[in-house]
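What follows is a short report on a single structure.
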Amino acid sequence: MTNRALIICNGEPPTRRLVRKLASHADLIVAADGGANAARLYGIRPHIIIGDLDSVSATTKRVFASSSILRVRRQDNTDLEKALDYLVSKSIKNVCIVGATGRRIDFTFGNLSVIWNYTSRMRITFVGDGWKAMPVESGKEVRAKVGTTVSLIPFGPCSGITLKGLRYPLTNATMKVGEIGVSNIVKRSPFSITVRRGNMLLFIMDRA
C-alpha cells in the first residue's frame, strides 16, 4: 500500500545523503516543478513531475522522459500545492517535503503557510539539514534527544498551549502572531505539546 511520499521542491536542497535516505523510505517520489532538477543531480528518479514546468530544464526533461509528467497550468497556487493536491487525490497520508525553504524568502513563507489547508488529510513534515518542522499534533508525544533545541511558531492566534518536558514549560497559555517561542530546550524525551485552538509549527533543530 502506498502511504509515504517525498516531495522535492525547487528551493535550497538538503545534502545528497539526506535526500537519498528520505527517498529510500518513500513509496512515491514527487518532484514539484524545478525540484526535478535537484532530483536529477542527486540521482533520484521521481515517479511524477508536477507543476507548470517553467523551471524544469531541458536536460532534466530528457533524463526523466520515462517518468510521469503532469503539467498543471493554473497560476493561482504554488508548485508545492499542486504536488500536495495530487497526493490528496491518491489518499497519501504521510508526506515529507525537502527543498521548500531557501533561495526565495517569499516562497519559504508561502510553502510553510499553505500546509494548513492539508493537515486534516495528511501528516506533513518539512526536512532540511539539521532541522525538521511539522504542524503540532495536539497532545501527541514527540521524541528528540535531551538538549535538543525546539521552537514554536504560531500561524495565527493559538490558545490552550501546554508544554511538558521542555526547559520553559507552559500551562494553558496563549500566543499570537509576533509572539514566538524560539530556542526552548528538551529536558525529557518524549516531550508533549498541546494546542487546543489554532495552528502552530514545531521546529526541531537536530544540531546547533
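The values are calculated or read from the model by the stated rules, or taken from the named source; none is laboratory data. Being a predicted model, the structure only gives us computed values, none of them experimental. When we count neighbours, we look across all protein chains shown, and the Cβ atoms used for this are built from the backbone with ideal geometry, even at glycine.
Give S120, S66 a once-over and let me know the one that is of a type outside the set (A, V, I, L, M), closer than 29 Å to I153 by Cβ and more than 14 Å from the chain's Cα centre (by Cα).
Numbers: S66 fails: closer than 29 Å to I153 by Cβ.
On inspection, the qualifying residue turns out to be S120.
Just checking, how many residues over region 69-80 are over 21 Å from the mean Cα position of the chain (by Cα) and under 22 Å from V114 (Cβ atoms)?
Restricting attention to region 69-80, the residues satisfying the condition of being over 21 Å from the mean Cα position of the chain (by Cα) are 69-75.
Narrowing further to those that are under 22 Å from V114 (Cβ atoms): 70-75.
Residues meeting the conditions: 6.
State whether one or more residues within region 81-90 are surrounded by fewer than 22 Cβ atoms within 10 Å (Cβ to Cβ) and under 13 Å from the mean Cα position of the chain (by Cα).
Within region 81-90, one or more residues are surrounded by fewer than 22 Cβ atoms within 10 Å (Cβ to Cβ) and under 13 Å from the mean Cα position of the chain (by Cα).
Quick grid of which residues meet (1) touching a strand residue (DSSP E or B) at 6+ places or on another chain (Cβ under 8 Å); (2) assigned to a helix (DSSP H, G or I); (3) not assigned by TED's automatic domain parsing to the domain that holds N111:
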| site | (1), (2), (3) |
| --- | --- |
| R20 | no, yes, no |
| V30 | yes, no, no |
| I49 | yes, no, no |
| V56 | yes, no, no |
| R62 | no, yes, no |
| S66 | no, no, no |
| D76 | no, no, no |
| D85 | no, yes, no |
| V88 | no, yes, no |
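Might you let me know whether region 117-124 holds any residue that is touching a Pro at 6+ places or on another chain (Cβ under 7 Å), modelled with pLDDT of 95 or more, in a strand (DSSP E or B) and not polar (S, T, N, Q)? Write out each step before concluding.
So the first thing to find is which residues in region 117-124 are touching a Pro at 6+ places or on another chain (Cβ under 7 Å), and the list is 119, 124.
Cutting the leftovers down to modelled with pLDDT of 95 or more gives us 124.
Retained after the next criterion (residues that are in a strand (DSSP E or B)): 124.
If we keep only those that are not polar (S, T, N, Q) too, we end up with 124.
Yes, region 117-124 contains at least one residue that is touching a Pro at 6+ places or on another chain (Cβ under 7 Å), modelled with pLDDT of 95 or more, in a strand (DSSP E or B) and not polar (S, T, N, Q).
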